[in-house]
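Colleague: Before I ask anything, here is the structure I am working with.
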Amino acid sequence: MSPNQRLMVAVVLSIVFFSAYTAMFPPQQPVDTKNDIEQQAKVEQEIKTTKTVEKVTGHEISKSQKVESRDSNIVTTIKADDFILKLDTLGRIASKELLDERFRDSEDLHAQIIPDKGAKPLFIRFADESLNKEALSVPYVATIKEATIKDEPIKVTLTQKLSNLTVTKNLTFYKDGHYDISIKMSQNKRYFVYIGHRPEVSKKLMAAAGVLVYTADNVAHIIEDGDADNRETFRDVLVASAFDQYTATIFYNLDKDITVIVDGDSEKNPVLYFDSLGDVTFKGYIGPKEYKTLKAIDSVLTNAIEFGWFTFAAKPLFAVLLWLHDHIGNWGWAIIALTLLVRLVLYPLTYKGMMSMQKLKEISPKVKELQEKYKGDPQRMNAAVMEMYKKHGANPLGGCLPMLLQIPVFFAIYRVLLNAVELQGAPWILWVNDLSRMDTTYILPILMGVSMYFQQRMTPTNFTDPMQEKVMRFLPVIFTFFFVTFPSGLVLYWFVNNLFSILQQFIVNKQFQNAKDLKEHIEKKKKSEK
Amino acid sequence: MLSRNSIFRKTFLKFLWIYQKFFTYFSFGSCRYYPTCSEYAKIHFENSPISTAFYHTFTRILRCNQLFEGGIDYPVIKQIEIKPAKIKLEHIKYWLVPNKKNHYYIIKNFSYKG
């Protein structure tokens, strides 16, 4: 392939990537065929002791659910400043609406954390098939119909009286979104308690969504949508969470020997539940994965915050950003402060690089000579040019390491912007009102492109390959298009990064010019003195 | 002994080939060395045991920053296998220049025609 063809391939690849990305970006709520009962029946339930296989009848409820509207079977409504939670006749948490203005769905309604269709939290299914059938037809009765949480938590008891079994769920709801629950059975029966399907408030490309099981050995097992091929079981579980980008339905404080099970539905999306016999007591949380809220409830819950496979780098970065935000009070400025911090760390490197670039300007005529000499032979030319640099102690290039180091920083910020609920709806100044979304006015990406162009102009470059020079000139345009769909916070990071490097370059250029002027001045003086 | 055609070796060489063909446009020709880090890696992966190749490539990338001078830095290899079928100038891919005992600089032959 000639350099021209290769450039074409590179450009075409970027365009393909870009258009695919834009096509997928507006978070499409997956069309929910998830609960097609017939398909659901395929999901099978292993029974530990006998290894017999039975159907997951738990999903058959969706048959009756299809006819019911969201509110018709509600037995209890619990209101708080931040949410409205509803319990239904199947003893499940039927819905939880977040009242915070930041959480709006694609139709601009308040976000509903519990998906409309699918297995819902606190649903109980019995291992005994006939018992199960009966349980689906007998409604739960609640002690209160409606209540508002002020400061004191609210207690609700749900009771289901079956022909020879009574199920009692004692629930205590707290203002901060968590609840205590104890389930009592009048007889020892084997049953399963569901967390169910993950919330579907928001899911963007690249943001992980699915199920997370955090075990006592400090491992977060994550099973994303479409990856639940086999049933997986976990013991010694500290946190079990079904999550989307910003919200989660969580069980915690589970007994050590409880087996938490992750099963796949017909689309291999994970469904989370645990296996129980007799009475059980645990805690739950439903709501946004806000670091401070979760930490205030129980610090073990912060393990439910994850940034995908890049968590190891994104988590510390998020900690720094959170700290900056505590002192500054605005996420936009916190990002700018972070940029400054990263640049300060890299300062010794960049400064050295910039100084040696200046030396390069001085030897550029000689380099041009070499380029003429070895015109048709780029490899030999490179070798000669390198020799020349070494002789003059100048090396214009930044090096592979700084380039490679930028990638994880950039990607970590991307993950944080994508996954941290704190940044959802976080404004900066002027037109930037949500750092986690793309800038619909296109001002930031264009500013970014322009700053990149100027940064390149100011940087003395030296290309041995004319083709490469052309690509470089074209790069700000390509980057602008790339950045259009990125979260504003990321574009802001890159824009400010460019500004800082322009500033630094400007200072270095000035210093160099001053030193040169001084030298010339002294030489002139010497001459005139002679 | 060098297993020349292991899957690992082939995979890495393929990966380097893709990188050199397409991604060098986006990495701005940033390398401070001759041969470049990717070329250096390629030569090592062609001629050294995988672990050695990894080690040298890794340390080379670590050295490739503004705190080091950069410039000319040829890979050095230990084992050599010379079974040339033809020994005309244009068939020779690399020159081996003795460094210390049993070690050789490996330098590209610019006249190599494949």
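Colleague: When you look at B:S38, is it of a type in the set (G, A, S), at pLDDT 75 or above, assigned to a helix (DSSP H, G or I) and under 26 Å from A:M355 (Cα atoms), yes or no?
Modeller: So B:S38 passes the test.
Colleague: I've got another one for you. Quick one: count up the residues across segment A:110-164 that are under 32 Å from the mean Cα position of the chain (by Cα) and closer than 21 Å to A:K189 by Cβ.
Modeller: So the count comes out to 6.
Yes/no matrix, rows are residues, columns are (1) surrounded by 21 or more Cβ atoms within 10 Å (Cβ to Cβ); (2) modelled with pLDDT under 80; (3) within 14 Å of chain B (Cβ to nearest Cβ):
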site: A:I429; (1), (2), (3): no, yes, no
site: A:L435; (1), (2), (3): yes, yes, no
site: A:M458; (1), (2), (3): no, yes, no
site: A:M467; (1), (2), (3): no, yes, yes
site: A:K470; (1), (2), (3): no, yes, yes
site: A:F482; (1), (2), (3): no, yes, yes
site: A:L499; (1), (2), (3): no, no, no
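Colleague: Give segment A:216-268 a look and list any residue that's within 24 Å of the chain's Cα centre (by Cα), surrounded by fewer than 17 Cβ atoms within 10 Å (Cβ to Cβ) and closer than 17 Å to A:V300 by Cα, or say none.
Modeller: Hits for segment A:216-268 are A:A216, A:D217, A:N218, A:V219, A:A220, A:H221.
Colleague: How many of the residues in segment A:177-191 are within 30 Å of A:A296 (Cα to Cα) and not charged (D, E, K, R)? Steps first, please.
Modeller: Initially, segment A:177-191 is screened for residues within 30 Å of A:A296 (Cα to Cα), giving A:177-184.
If we keep only those that are not charged (D, E, K, R) as well, we get A:177-179, A:181-183.
Going through segment A:177-191 one residue at a time, the tally reaches 6.
Colleague: All but one of (1) under 30 Å from A:L349 (Cα atoms); (2) under 13 Å from the mean Cα position of the chain (by Cα) hold for B:C31; which doesn't?
Modeller: (2)
Colleague: Give the residues of segment A:77-95 that are farther than 18 Å from A:K117 by Cα and surrounded by fewer than 22 Cβ atoms within 10 Å (Cβ to Cβ), sorted by residue number.
Modeller: Those that are farther than 18 Å from A:K117 by Cα and surrounded by fewer than 22 Cβ atoms within 10 Å (Cβ to Cβ): A:T77, A:I78, A:K79, A:A80, A:D81, A:D82, A:I84.
Colleague: Across segment B:1-16, what is the number of residues that are modelled with pLDDT under 75 and of a type in the set (A, V, I, L, M, F, W, C)?
Modeller: Total satisfying the criteria: 2.
Colleague: So A:M355 passes all but one of these: (1) touching a residue at least 40 places away in the same chain (Cβ under 8 Å); (2) under 27 Å from A:Y291 (Cα atoms); (3) surrounded by fewer than 18 Cβ atoms within 10 Å (Cβ to Cβ); (4) in contact with a helix residue (DSSP H, G or I) (Cβ under 9 Å, 6 or more places away or on another chain). Which condition number does it fail?
Modeller: (2)
Colleague: Would you pick out the residues in segment A:437-446 that are surrounded by fewer than 18 Cβ atoms within 10 Å (Cβ to Cβ) and either modelled with pLDDT of 75 or more or closer than 30 Å to A:G376 by Cα (or both)?
Modeller: Once the filter is applied, which keeps residues that are surrounded by fewer than 18 Cβ atoms within 10 Å (Cβ to Cβ) and either modelled with pLDDT of 75 or more or closer than 30 Å to A:G376 by Cα (or both), segment A:437-446 yields A:T441, A:Y442, A:I443, A:I446.
Colleague: Among the residues of segment A:121-144, are any closer than 12 Å to A:I78 by Cβ and buried (at least 16 other Cβ atoms within 10 Å of the Cβ)?
Modeller: So far as segment A:121-144 goes, yes, one or more of its residues are closer than 12 Å to A:I78 by Cβ and buried (at least 16 other Cβ atoms within 10 Å of the Cβ).
Colleague: Scan segment A:119-132 and tell me whether some residue there is hydroxyl-bearing (S, T, Y) and either in contact with a helix residue (DSSP H, G or I) (Cβ under 9 Å, 6 or more places away or on another chain) or within 26 Å of A:Y285 (Cβ to Cβ) (or both). First the steps, then the outcome.
Modeller: Initial filter on segment A:119-132 (hydroxyl-bearing (S, T, Y)): A:130.
Next, from what is left, pick out any that are either in contact with a helix residue (DSSP H, G or I) (Cβ under 9 Å, 6 or more places away or on another chain) or within 26 Å of A:Y285 (Cβ to Cβ) (or both): none.
No; the residues of segment A:119-132 include none that is hydroxyl-bearing (S, T, Y) and either in contact with a helix residue (DSSP H, G or I) (Cβ under 9 Å, 6 or more places away or on another chain) or within 26 Å of A:Y285 (Cβ to Cβ) (or both).
Colleague: Provide a single number: the residues in segment B:61-78 that are crowded, with 22+ Cβ neighbours inside 10 Å and more than 8 Å from chain A (Cβ to nearest Cβ).
Modeller: 2
Colleague: Right, next: Of everything in segment B:17-33, what is within 7 Å of chain A (Cβ to nearest Cβ), at pLDDT 75 or above and touching a Lys or Arg at 6+ places or on another chain (Cβ under 9 Å)? Give them in sequence order.
Modeller: Matches in segment B:17-33: B:R32 only.
The values are calculated or read from the model by the stated rules, or taken from the named source; none is laboratory data. Quick caveat, the model's predicted, so the values are computed rather than measured. A quick note on method: Cβ atoms are made from the backbone with ideal geometry, for glycine too, and the neighbour counts reach across all protein chains shown.
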